[in-house]
Structure formats: C-alpha cells, structure tokens
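Chemist: There's a structure below that I have some questions on.
Only the coordinates and a few stated rules stand behind these numbers; no lab work does. Just so it is clear, the model here is predicted, and its values are computed rather than measured. We place every Cβ from the backbone using ideal geometry, glycine too, and count neighbours over all the protein chains shown.
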C-alpha cells in the first residue's frame, strides 16, 4: 500500500502517515467549473448542477508527496491521440480521522482529522476513451499529490472560506474560494458514509474550481490553499 508521511501543522513533533484504503473525489462541485465543461471536453460533464454529489475514485497508488514529480504516463503515446491532455485540478482534501458509517451531516465534522492540499491530476483522453468512466484516467501513478502538511480540523475555523489557487510556473491558472462549493463538507461526508464506510486515513477530495488546464514535462505546479500552505510538484514524462 502506498504511504506518505506529512507533518501535522502546529505540532512540531507530530507527523501523520497517510495510507488510505481509498481516495474518494467529487466531480462538478464548483459551478464555474461546470460551465467550462465544453473546454474540458470530458464525457459526463454537463452544464447542469448535480442533484447529489458526483463521486469517483482515485486508487492509493496515485498518492504523491510534496516535492516529488508527477509522471505523465507513457501508455498515452500508444493511443496516438491528436491532442494528448493531462490536467491539473486544485482541491481541498479532507483527511478522515475515524471510521464513518451512516453519519448525519450534523455530526460529520467530528470524524475529520484535518485538511491538506491536493492535485486531482486527470488524463482527459483516457477519461473519454474508457467505457468504464473516469477510473483509469484519474488513477495513474503519481496522479494524487497531497501536502505539504496536514492542518488539524480545529485549527481552521471555516474550511468553506479558504482562498484556493493553482499556479503553473508563474501563471495563475485557478483562483477561487472554497465557499463556492455546491456541496459542503458535512453534506459530502454524510453522502459518502451512507454509501460506503470511510476509514481513518481515507482521503476525500472536495472538487476543483474553474481554470483546469494541461500540464507538460518541465512544468512546476503549485496548489496553494489559505491556512494550509503550498503543494509544489514538478512534471516529467514517465520512463
């Protein structure tokens, strides 16, 4: 099982070993991101806001620590896509602190250990190609960078009022606020825990704002979230 160790913010002697049994992600959780569905060109994107959270998985092998390189998978070349495209997606990630099953939204935050930055790296051509949906295009090795720290739940007064941005090199590609989420964290956790059990150490990625775009070898991608810090990763071609 893939493991990464992150410092716990404000606790100088403490670190947290992330070894999630699952990584559950939300799609289409920011209205402005839904509006850019035409440019993203991924099957399943529509201009309509969802009636309930849209869930998809990333497998734990995708985990990547701060400072490590995102690897663009060599297998993509096999398909000879006219326009190969792998995108960055800045997201607030929730680290689950204890087992959750059928938990109501009013108690959901009690089960949160803390928060970190995440990059939901997405191979768009594979997302469109696979009849099974987004599974493979979201789960290549290195496609879930997280970090640089975990901030304990109680250290952030309101996780729905945090500036979130992504920079590719010096260019700001995404800039928004977590208050723009369609479904908020208690609703998200209630919904997930009524469909599957969440375990301590599992990760929940809460969706990305507008501005997603392609990354290429040689790029440096930075995901910055207020009160958490900046997650920085290079981009290379695998192999």
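Chemist: Out of the range 93-136, which residues are surrounded by 24 or more Cβ atoms within 10 Å (Cβ to Cβ) and either free of Cβ contacts under 8 Å to residues at least 60 places away in the same chain or assigned to a helix (DSSP H, G or I) (or both)?
Modeler: 123
Chemist: While we're on this one: List pairs: first residue in the range 196-217 and without any contact (Cβ under 8 Å) to a residue 40 or more places away in the chain, second residue assigned to a loop (DSSP other than H, G, I, E, B) and surrounded by 19 or more Cβ atoms within 10 Å (Cβ to Cβ) anywhere in the structure, Cβ distance under 7 angstrom, at least six positions apart or on different chains.
Modeler: Filtered contacts from the range 196-217: no entries.
Chemist: Can you find a residue that is crowded, with 23+ Cβ neighbours inside 10 Å, in contact with a helix residue (DSSP H, G or I) (Cβ under 8 Å, 6 or more places away or on another chain) and under 22 Å from residue 66 (Cα atoms) anywhere in the range 185-199?
Modeler: no
Chemist: Count, please, the residues in the range 162-179 that happen to be farther than 14 Å from residue 212 by Cβ and either touching a helix residue (DSSP H, G or I) at 6+ places or on another chain (Cβ under 7 Å) or in a strand (DSSP E or B) (or both). Before the answer, list the steps.
Modeler: First, the residues of the range 162-179 that are farther than 14 Å from residue 212 by Cβ: 162-163, 169-170, 177-179.
Next, from what is left, pick out any that are either touching a helix residue (DSSP H, G or I) at 6+ places or on another chain (Cβ under 7 Å) or in a strand (DSSP E or B) (or both): 162-163, 177.
Result for the range 162-179: 3.
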